[in-house]
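The next block holds one structure in the form of C-alpha cells; read it before the comments.
What follows draws every value from the coordinates through simple rules; no lab data is involved. Note that this is a predicted model, so its numbers are computed, not measured. Positions of Cβ are backbone-derived with ideal geometry, glycine not excepted, and every protein chain shown enters the neighbour counts.
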Amino acid sequence: MEKEVHEQYEYARRRMRQKKILYFHFVLFLLGSLFLFIANRFFGFGTNTTVTANATNNTQNWCIWAITIWFFIFILHFIKVYITDRFMNKGWEREQIDRLVALQQKRISQLASKINEDNENKI
C-alpha cells in the first residue's frame with residue numbers, strides 16, 4: 001500500500017514538473033517571438049543594405065520562419081506532455097509488460113503440450 005502511494009506521488013510530481021516546464025517553454029516562446037519580431041522590424045537585425053529589392057523582402061521575413069519553427073517545436077512539446085505521456089505512463093507500461101508476459105507464457109505452454117504430445121506418440 002505504501003509503495004502505491006509513493007508511486008502515485010512520484011507520478012504526480014513528475015507530471016507537475018513536465019507541465020511546469022511546458023508553461024515555462026510557452027512564456028519563453030512568447031517573449032522570444034516578441035524579441036525576434038522587434039529586433040527584425042524596428043532595429044533591422046538580419047537585413048543587409050546591399051541586397052536587391054526582391055531578396056530584401058525574403059530576408060525581412062526571417063523572424064517569421066524562426067517563430068514558425070519554434071512554434072512547431074512547442075507543439076511537439078505540448079503533444080508529448082498532454083497526449084503521449086498522459087496515456088503512456090507507468091500503468092500503460094505495466095499493462096503492456098503483463099500482456100507480453102501472458103502471451104509468452106501461453107506460447108510456452110503450447111510448446112510444452114506439443115512436446116508432450118510428440119513424446120507420447122513416439123512411445
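Observations, loosely collected:
- Cα long-axis angle, helix 90-122 against the chain (0 to 90 degrees, to the nearest 10): 30 degrees
- The slack in the chain from Tyr11 to Ile79, taken as 0.36 nm per residue of separation less the alpha-carbon distance, amounts to 22.7 nm.
- Modelled this way, with points 7 Å down the Cα-to-C-beta line, the labels at Ile38 and Asn119 are 8.1 nm from one another.
- Toward the positive end of the charge dipole of the chain, with +1 on the Cβ of Lys and Arg and -1 on the Cβ of Asp and Glu, the farthest Cα among Leu76, Tyr23, Asn119 is that of Tyr23.
- Additional length obtainable on full extension of the chain from Tyr23 to Gln110, 0.36 nm per residue less Cα span: 26.2 nm
- Only Cα sites of segment 83-123 enter the Debye sum here, all with the same form factor; the resulting log10 I(q)/I(0) across q = 0.15, 0.23 1/Å is -0.52, -0.74, listed in q order.
- Magnitude of the charge dipole for the chain, about its Cα centre and with charges confined to Cβ atoms of Lys, Arg (+1) and Asp, Glu (-1), is about 320 debye.
- Overall form of the chain per C-alpha gyration tensor (a/c, 1.5; a/b vs b/c): oblate
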